[in-house]
Amino acid sequence: MIQKSIFIVIVAMLMYSCCDQSRDAKEVIRKDIIGFSNAYFNFKLEEAACFCTESSKKWISFYASNIHQTDIEVIRSQKNSAQIHIDDIIFNAEDSTGTAVVRVDNFISLDTLGKPGQIVEQSTFRINFILHNGTCLVRMEAPLRNEK
């Protein structure tokens, strides 16, 4: 009887620790994705690059190189900063990768070349990431594009 009780306690502790690690991973992901998104969509691109994998930083640089004076004027005229909301996190614990579905309100879109950026009321983005050494790093294969 005592052995059975000890076994139940050990199993319960293992289950709790696994759930706790999963919750901790989601909290890290949420915090880092919000940090990246706030920086990226508010044009603090050096800060956004700190949340990226090394191979993704070239896309931050590419995005920055396509910001023109007319875009800067729109950015400066924006009264409120972009607001970030995480709608969903899809996480594959086996390989520590996933996708965050992020809704962004009141941001400037620089989609059209040769025309100034435009303030967009709301759009959704899928941001890929990898969890590495307790940090969530954004993995970009191109500049972020809103879902159509």
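The values are calculated or read from the model by the stated rules, or taken from the named source; none is laboratory data. This is a predicted model, so every value here is computed, not measured. Positions of Cβ are backbone-derived with ideal geometry, glycine not excepted, and every protein chain shown enters the neighbour counts. When the accessible area is computed, the model is the full protein with side chains, heavy atoms only, and any ligands, DNA or RNA have been set aside. Shrake-Rupley method; radii C 1.70, N 1.55, O 1.52, S 1.80 Å.
The GluC sites (Glu not before Pro) of the range 107-148 meeting both criteria, a DSSP state outside H, G, I, E and B (loop) and at most 12 other C-beta atoms within 10 angstrom of the site's C-beta, are Glu141, Glu147.
To the nearest 10, the accessible area of Asp87 is 80 Å² with a 1.4 Å probe.
Checking every one of the trypsin sites (Lys or Arg not before Pro) in the range 63-142 against DSSP loop status and a limit of 10 other Cβ atoms within 10 Å picks out Lys79.
Straight Cα distances below 14 angstrom link Lys115 to the aspartates and glutamates Asp71, Glu73, with same-chain residues fewer than 8 positions distant left out.
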